[in-house]
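Have a look at the structure below before the remarks.
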Amino acid sequence: MANAARRYPGRTALVAGEERYTFEQLQQRCAKLSGALLARGLGPGDRVALLFYNTPRFVEVYFACLRVGLVATPINFRLKGPEMSYILGDSGAKAFFFGPDFADTVAEIAGELENVRFMVTPGGDDSLGAEDYGAFVEAGQYLPCDGSVAESHPCQLIYTSGTTGRPKGAVITHGNVMWNVVNTIWAREDRSGQVSIIVGPLFHTAALNNHLTIQISLGGTSVLIKSFEAEHLLQVIEKERATVISGAPTLFNLLLQHPRAGDYDVSSITKCTLGSAKLATETKRQLIDFFPNIDGIYDIYGCTESSPTITCLNQVDCLRKNGSVGQALPFLSAKVVDSQDRELPPGEVGELVCKGPNVMNGYHNQPEATAQTIVDGWLHTGDLAYRDQEGFFFIVDRIKDMIVSGGENIYPREIEEVLFTHPAIAEAAVVGVPDELWGESVVAYVALKKGRALSEDEVIAFCKKNLASYKKPRQVRFLPQIPRNASGKVLKYKLREMG
C-alpha cells in the first residue's frame, strides 16, 4: 500500500458505490488507523478480527494491521453466531471490527468473547460497548510502516472454509503473500492500472490475496461489490469501465443466464479469471463470446494453505487444454504422488502436493494437523490429480469425494463435467452413498435452468451415452440450487446427508 501510494498517489484505489479513495487518501487513513490500534496496547503478532462485507472499512483495517505487524483475521460473514464465536476464541483476537449489518449476530456472542479487549463498528453501538469507527480512526496518530516487520512474520490468520469439521486457521506470512502476488501476476499477465471488479468476499484468500492485493500492488482500481446480484454487477461493469472480472463458476453461470445480460456494455473487460471450481467447457465458450475483448479465461487453482495460487491455465490454453488447471507457477514446485509420497509419472492419478515460499507456516495451535498437511515442506492439498506430458495438471477430485463402486474408482468431477454439457442443467454435483451390493453408488444432484424440465431417466440416459455404464448415476435428485459455501465450493457433505 505504501509503495503504491508513493508511485500513484492520485490514482483511484478503491470504489464502493459512491465512495472513492485515491491511493494517497487510503494510505493516510490506514496509517492513522495503525496508530490508533497500537495506542490501545496491541503489538506485533496480536490478532485483529474483521467482519465486514466488501467495503473500504475492511480494506483499511486489513492494511492498517499489516503496516505494524498485527495479524488480520477475517471472518466469514455467512457463519452463524456460534461459528463466529469459535473463530474469535480460537484465534485469540484482541480487537474486533465489524459492520453494523452484523450487530445482532455480535450481540448473540458478545458475552463469550473473553479475549476481545475492544470492539469497533461504524456509527458505534452503545449496547455492545462498541466504539465508533470514524472517531477511532481520527483519534489515531499517523504512523509510517514498521520497518522491523519481516517476510517471516505472520500477517493473516485465514480460516479454512470448513466443508468438513471445524475450520482451521492457516497462518499466512508477509512473505507468503508477496510470493503469491509475484506468482499470480506472472501467471495472469496482470498490468498496472487495471480496473478490477472485486465480487468475491474479501474474507476469502482468493479475493484478498489475488484480486485485491494484486491491484493494490500494481496501482490498479478495486471496485468493491458488497453482494452479488447479476444485473447490478453488469451495471457496475458498464459504469466503471471495468477491465478485469474474477469469480467462481456460479457467478459466471448466473451472469450469463440473466435475461438482460445482453443489454449492457461489457466491452471494457479484457481479462476474465476463474477460481474455486471448474467451469463447464460450454460455459467457457459462452463467456468468451459474451465478453468480446477477452481472448480466453485464466483458470486459477490453489487453496487457503498456499496463499492461494498453485497453478494457472493461461487464457491461450483455456480451450486447448480444457479440463486442466494449468502448469505450476514459477516460484514453486508441484507434483503428483502416491500414498507413500513417491512421485508418479504422467497420466497416473495421485495427490497433488506443492512446495514453495507461498506455503503457509502451519495451522494456528494445531501442530498435529500441520504435520499431517505439510510433510518435508510439501503441502498436501487433498486433491487427486494427474499431469500430462507437457506438465499441465488436471484435478480429478477431492480424495475424500472419490467413489468406490464395485471395486471401480469413480471420480465425481468426470460425471459432473458431462452433466454440465446438458443444455437444461444449470448446476450439478455428484456424490457416493452407501450401497449394500456395490459398496457405494453414484447419486447426481441437479439444478435445472429456469423454464427447463428433465426427468431422472433422461439424465441417466444422457450420462450413459457419454460415460462407461458403471459411472452413470443410479439416482438423480433435483434441487432448486446446489448448496455451496461462501467460497463457491459445493458442500458435498450436505448432499450425502440427504442420502
For the range 384-391, state whether one or more residues are in a loop (DSSP other than H, G, I, E, B), of a type outside the set (S, T, N, Q) and within 23 Å of the chain's Cα centre (by Cα).
no
Six or more apart or on different chains, Cβ under 7 Å: which pairs go from a residue in the range 216-233 that's assigned to a loop (DSSP other than H, G, I, E, B) to one that's among the basic types (K, R)? Could you list them?
G219/R7; G219/R11
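Going through the range 1-23 one residue at a time, which ones are over 28 Å from the mean Cα position of the chain (by Cα) and in a helix (DSSP H, G or I)? Outline the logic, then answer.
Step one: of the range 1-23, the residues over 28 Å from the mean Cα position of the chain (by Cα) are 6-7, 9-10.
Across the range 1-23, the qualifying residues are R6, R7.
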Just give me the residues in the range 147-167 being buried (at least 16 other Cβ atoms within 10 Å of the Cβ) and modelled with pLDDT of 90 or more, in sequence order.
V149, H153, P154, C155, Q156, L157, I158, Y159
Looking only at the range 304-328, count every residue that is within 24 Å of Y159 (Cβ to Cβ) and buried (at least 23 other Cβ atoms within 10 Å of the Cβ) and tell me the total.
8
Whichever residue in the range 265-286 is crowded, with 19+ Cβ neighbours inside 10 Å and either at pLDDT 95 or above or among the small types (G, A, S) (or both) and, among such residues, is farthest from E351 (Cα to Cα):
V266
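Report yes if G111 is small (G, A, S) and either outside any helix (DSSP H, G or I) or at positive phi (or both), otherwise no.
Details: small (G, A, S): yes; either outside any helix (DSSP H, G or I) or at positive phi (or both): no.
Spelling it out, it is not the case that G111 is small (G, A, S) and either outside any helix (DSSP H, G or I) or at positive phi (or both).
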Within the range 466-486, does at least one residue satisfy the condition of being assigned to a strand (DSSP E or B), closer than 27 Å to F228 by Cα and within 24 Å of the chain's Cα centre (by Cα)?
yes
Condition first: surrounded by 21 or more Cβ atoms within 10 Å (Cβ to Cβ), touching a residue at least 40 places away in the same chain (Cβ under 8 Å) and out of contact with any strand residue (DSSP E or B) (no Cβ under 6 Å at 6 or more places or on another chain). Can you find one or more residues in the range 178-188 that meet it?
yes
Selection from the range 241-270 of residues that are outside any helix (DSSP H, G or I) and touching a Phe, Trp or Tyr at 6+ places or on another chain (Cβ under 7 Å):
V266, I269
The condition from (1) touching an Asp or Glu at 6+ places or on another chain (Cβ under 7 Å); (2) without any contact (Cβ under 8 Å) to a residue 40 or more places away in the chain; (3) surrounded by 16 or more Cβ atoms within 10 Å (Cβ to Cβ) that L379 misses is numbered (2)
Do we have G10 as surrounded by fewer than 17 Cβ atoms within 10 Å (Cβ to Cβ), farther than 18 Å from E131 by Cα and among the small types (G, A, S) here?
yes
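Report the residue count in the range 72-91 for those that are assigned to a loop (DSSP other than H, G, I, E, B) and either polar (S, T, N, Q) or farther than 15 Å from M119 by Cβ (or both).
Step one: list which residues in the range 72-91 are assigned to a loop (DSSP other than H, G, I, E, B), which gives 75-80.
Remaining after also requiring either polar (S, T, N, Q) or farther than 15 Å from M119 by Cβ (or both): 76-80.
Residues meeting the conditions: 5.
One residue is enough: does the range 403-411 have a residue meeting the conditions closer than 25 Å to P249 by Cβ, out of contact with any strand residue (DSSP E or B) (no Cβ under 6 Å at 6 or more places or on another chain) and not small (G, A, S)?
Yes, the range 403-411 contains at least one residue that is closer than 25 Å to P249 by Cβ, out of contact with any strand residue (DSSP E or B) (no Cβ under 6 Å at 6 or more places or on another chain) and not small (G, A, S).
The values are calculated or read from the model by the stated rules, or taken from the named source; none is laboratory data. Here the structure is a predicted model, which means the values were calculated and not measured. Cβ: placed from backbone, ideal geometry, glycine included. Neighbour counts: every protein chain shown.
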